[in-house]
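Trainee: Got a structure here, written out as structure tokens. Questions coming.
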Amino acid sequence: MQPQQPHTAPVPTAPAQSSPRTRTVVLSLIAGLVLGAAGTGVAWALSGDTASASAGGGAAGDARAACRALDGFDPAKYTEKGPAGEIALNRYAAADALSASAAAGDARYKPLAQAVRGSRERLSVAFEFNAEVKKELDRARALCEDL
């Protein structure tokens, strides 16, 4: 048998010093991120409440936007291929999302959200704009006229 050699642990070495160029680049990136975030925060703070109030934001603005989306929605184009079908699909989805947002902000818009959502749910079951889907869609449009 051979005598065992003593086990020695590797000696830790000091980490390599980073170059001044690397340090400068990293500090510049950090400063850019901080300044960018601060600028965005200031812009958001300055335009936050006043812009949404003057532009009719909030629940009422969402409800009006949902109704504008419904005004531009043509059920006949919903199943078309190409841009016309995409526009119809996105307007219908936008009306749903915006009416739900309006209802979350103000309970007065809950019937509008329910009508739009109801028409979309019925469409997902029927796969066509049948009488039930059109009835819910017409109800949503009637609610829009009352806004």
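Coordinate-derived values only; no laboratory data. Please read these numbers as outputs of a predicted model, since none were measured by experiment. Neighbour counts are summed over all protein chains in view; Cβ atoms, including those assigned to glycine, are modelled from backbone coordinates with ideal geometry.
Trainee: Which order do the peptides 135-141, 110-116, 81-87 take when ranked by the mean count of other beta-carbon atoms within 10 Å per residue, highest first? Present the calculation step by step, with values, prior to reporting the outcome.
Mentor: On the way: 135-141: 18.4, 110-116: 22.0, 81-87: 11.1.
Output ranking for 135-141, 110-116, 81-87: 110-116, 135-141, 81-87.
Trainee: Compute the semi-axes of the equivalent ellipsoid of segment 79-139, taking the square root of 5 times each eigenvalue of the Cα gyration tensor, and list them largest first in whole Å.
Mentor: After scaling each eigenvalue by five and taking roots: 22, 15, 7 Å.
Trainee: First select every other residue whose beta carbon is under 11 angstrom from the beta carbon of residue 63; then total the charges, Lys and Arg +1, Asp and Glu -1.
Mentor: Numbers: positive: 64, 68, 108, 110; negative: 62, 106, 146.
So the surrounding residues net to +1.
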